[in-house]
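Colleague: Supplied in structure tokens, the structure appears directly below.
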Amino acid sequence: MPFAQEQTKSVAVASEQLSKTETIKLRNKHIGQACQLFYRSDPLKIVRGQGQYMFDEEGTRYLDCINNVAHVGHCHPEVVRAGALQMATISTNNRFLHDELVQCAQTLTSKMPEPLSVCFFVNSGSEANDLALRLARNFTKRQDVITLDHAYHGHLQAVMEVSPYKFNQPGGEKKPDYVHVAPCPDIYGGQFTDKMYPNADLGALYAQPIEEICQRQLAKGQGVAAFIAESLQSCGGQILPPAGYFRAVYDAVRSAGGLCIADEVQVGFGRVGSHYWAFETQNVVPDIVCVAKPMGNGHPVGAVVTTQEIAQAFHATGVAYFNTYGGNPVSCAIANAVMRVIDQEGLQQNALQLGDYLLRECGHLKQEFECIGDVRGVGLFVGIELVEEREGRTPDTKAARWVVNRMKQLHQVLVSSDGPNDNVIKLKPPMCFSRENADEFLLAFRECLATLTQDKLATEAATVAAAANSTTHGVIASTAETLANKTKLFERQDRLIKSV
């Protein structure tokens, strides 16, 4: 990535006004405790970013494998220049004419399939999804919405209502009766798995509950307003729906008079590699598409893209839509720069090639380490599910959390865990991630898995020793033989690690 010289000259620590201890003290005093903090027991104080790296107050460099917000890389010089220049020129609301606004809309819609051609600009994914629901309810004159289990669509009231990831937590608000939750199409750990139904059409199986919801709504004479889903679930554990799923679902929803909303806030703008938008991997065209996070590379900007018909129905209400900062010239200049960089630097193609490499190498790790139950993903959107044992696919939450912390503390590699059992290691790095970065992650991750295996063997050995005085000699011998075989396996893995 062609970072400006002044941005890459050194890794000197940026001047700071507060020590880390003082920062923590003030955060605890003035920032709501409900606000999530990564690595709470030993939080990072990040003072600078560059490309796929972040730096703490001591100048320590961390490889960022989780930041799908800094889509083209932290502080990309073209994006920074575009924002700074426009900010130094004029920043006002979109009720005035401005070229950056219309050029942004033109570029964004040019990357969408027909008939998606009209934009509404907002400031975040939460706002985008909220507006999408308003558009759908206005167009259909209905209220009911279908969502997926474990889904997360934002923090505003309307989208919290369709986010089981939030309302199913202890203390979460009760789901409204007009919200219907269908199973998450997780073929590894969900309601219908490839193990339980090895020869079945899993797309059709997972679509069936939504078809049944639509039929019940029609029988009551109500229908549905919308179906909203992340094209690939992120908080739900890096979920890739089975083939044909969205096509069957969209057909059912539309037959019930509803609109189909694709939430691309996490996975849009080329991250999947094969396509610019993740919904395209299922060969469907939504009625409404919501985008945000990567669109601004860290700057708050988002958009809702829909059809002329739906937009015109919204206009026909006579209630003007106005968003103070949505579509302001600075935000649009930044979004325009982001889309230029994606194209000019071939980042979508990079996601495709590097994603294939990561999936292949993680697949090799799965063959070596029993604690990996599943490896899944597309492009630079990868999930590695850790399990206690493969046969039962028992989630290993403790191991995943341990790996996240060890990767940060020992290897200075930042990953996260998520999913309903918090046992899926997530990779969604900046799109400028390189082959060298992938190898750095793989080597660090391999060390963590090897240490997990070693610790487990040590625990088993201690159990055998403790049982020695109360177990028959034959059983002890059998257990010891099993342990010896596992130890040999670990030693083979350990040699592989040292050979990298």
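Colleague: Name the residues in the stretch 409-428 that are polar (S, T, N, Q) and open to solvent by 10 Å² or more (accessible area, probe 1.4 Å), would you?
Modeller: GLN409, GLN412, SER416, SER417, ASN421
Colleague: Could you please find all residues in the stretch 273-287 being open to solvent by less than 10 Å² (accessible area, probe 1.4 Å) and either assigned to a loop (DSSP other than H, G, I, E, B) or at pLDDT below 95 (or both)?
Modeller: Of everything in the stretch 273-287, those that are open to solvent by less than 10 Å² (accessible area, probe 1.4 Å) and either assigned to a loop (DSSP other than H, G, I, E, B) or at pLDDT below 95 (or both) turn out to be GLY273, TRP277, PRO286.
Colleague: Looking at ARG393, ARG360, ARG406, ARG401, can you tell me which residue is charged (D, E, K, R), open to solvent by 50 Å² or more (accessible area, probe 1.4 Å) and part of a loop (DSSP other than H, G, I, E, B)?
Modeller: Going through ARG393, ARG360, ARG406, ARG401 in turn, just one is charged (D, E, K, R), open to solvent by 50 Å² or more (accessible area, probe 1.4 Å) and part of a loop (DSSP other than H, G, I, E, B): ARG393.
Colleague: For the subset of the stretch 60-90 comprising residues that are surrounded by fewer than 17 Cβ atoms within 10 Å (Cβ to Cβ) and of a type in the set (D, E, K, R), which member is farthest from the chain's Cα centre (by Cα)?
Modeller: ARG81
Colleague: Something else: What are the residues in the stretch 30-56 that are charged (D, E, K, R) and modelled with pLDDT of 95 or more, if any?
Modeller: Hits for the stretch 30-56 are LYS45, ARG48, ASP56.
Colleague: Restricting attention to the stretch 91-112, and to residues there that are part of a loop (DSSP other than H, G, I, E, B) and over 23 Å from the mean Cα position of the chain (by Cα), which single residue is nearest to ILE261 (Cα to Cα)?
Modeller: This residue is ASN94.
Colleague: Enumerate the pairs (first residue in the stretch 345-358 and farther than 15 Å from PHE441 by Cβ; second residue anywhere and aromatic (Phe, Trp, Tyr)) with beta-carbon separation below 7 Å, excluding pairs fewer than 6 apart on the same chain, so at least 6 apart or on different chains.
Modeller: If the second residue must be aromatic (Phe, Trp, Tyr), the pairs left are GLN348/TYR276.
Colleague: Another question, if that's okay. Going through the stretch 359-401 one residue at a time, which ones are within 18 Å of GLY270 (Cα to Cα) and without any contact (Cβ under 8 Å) to a residue 24 or more places away in the chain?
Modeller: Selection gives LEU359 alone.
Colleague: Now for a different question. From the list LEU347, LEU380, pick out the single residue that is out of contact with any helix residue (DSSP H, G or I) (no Cβ under 6 Å at 6 or more places or on another chain), crowded, with 21+ Cβ neighbours inside 10 Å and under 30 Å from GLN103 (Cα atoms).
Modeller: LEU347
Colleague: Hey, another quick one. Give me the pairs: first residue in the stretch 407-422 and on the phi > 0 side of the Ramachandran plot, second residue at pLDDT 95 or above and open to solvent by 60 Å² or more (accessible area, probe 1.4 Å), beta-carbon distance under 8 Å, and six or more apart or on different chains, which are they?
Modeller: GLN412/ARG61; ASP422/ARG401
Colleague: Cβ-Cβ below 7 Å, separation at least six or inter-chain, first residue in the stretch 294-314 and surrounded by fewer than 24 Cβ atoms within 10 Å (Cβ to Cβ), second of a type in the set (S, T, N, Q): which pairs?
Modeller: HIS299/SER331; PRO300/ASN123; PRO300/SER124; THR307/SER117; GLN308/SER117; ALA313/ASN138; PHE314/ASN138
Colleague: On to the next question. Can you pull out every residue in the stretch 44-58 that is over 12 Å from LEU414 (Cβ atoms) and open to solvent by 20 Å² or more (accessible area, probe 1.4 Å)?
Modeller: LYS45, VAL47, ARG48, GLN50, GLU57, GLU58
Colleague: Moving to a separate point now. Name the residues in the stretch 244-272 that are out of contact with any Lys or Arg (no Cβ under 6 Å at 6 or more places or on another chain), in a loop (DSSP other than H, G, I, E, B) and either in contact (Cβ under 8 Å) with a residue 40 or more places away in the chain or aromatic (Phe, Trp, Tyr) (or both), would you?
Modeller: GLY244, ALA256, GLY257, GLY258, GLN266, VAL267, PHE269, GLY270, ARG271, VAL272
The values are calculated or read from the model by the stated rules, or taken from the named source; none is laboratory data. Just so we're clear, the structure is a prediction, and the values are computed from it rather than from any experiment. Virtual Cβ from ideal backbone geometry, glycine too; neighbours counted across all protein chains shown. In case anyone asks, the SASA skips ligands and DNA or RNA and just uses the protein heavy atoms, side chains included. Shrake-Rupley method; radii C 1.70, N 1.55, O 1.52, S 1.80 Å.
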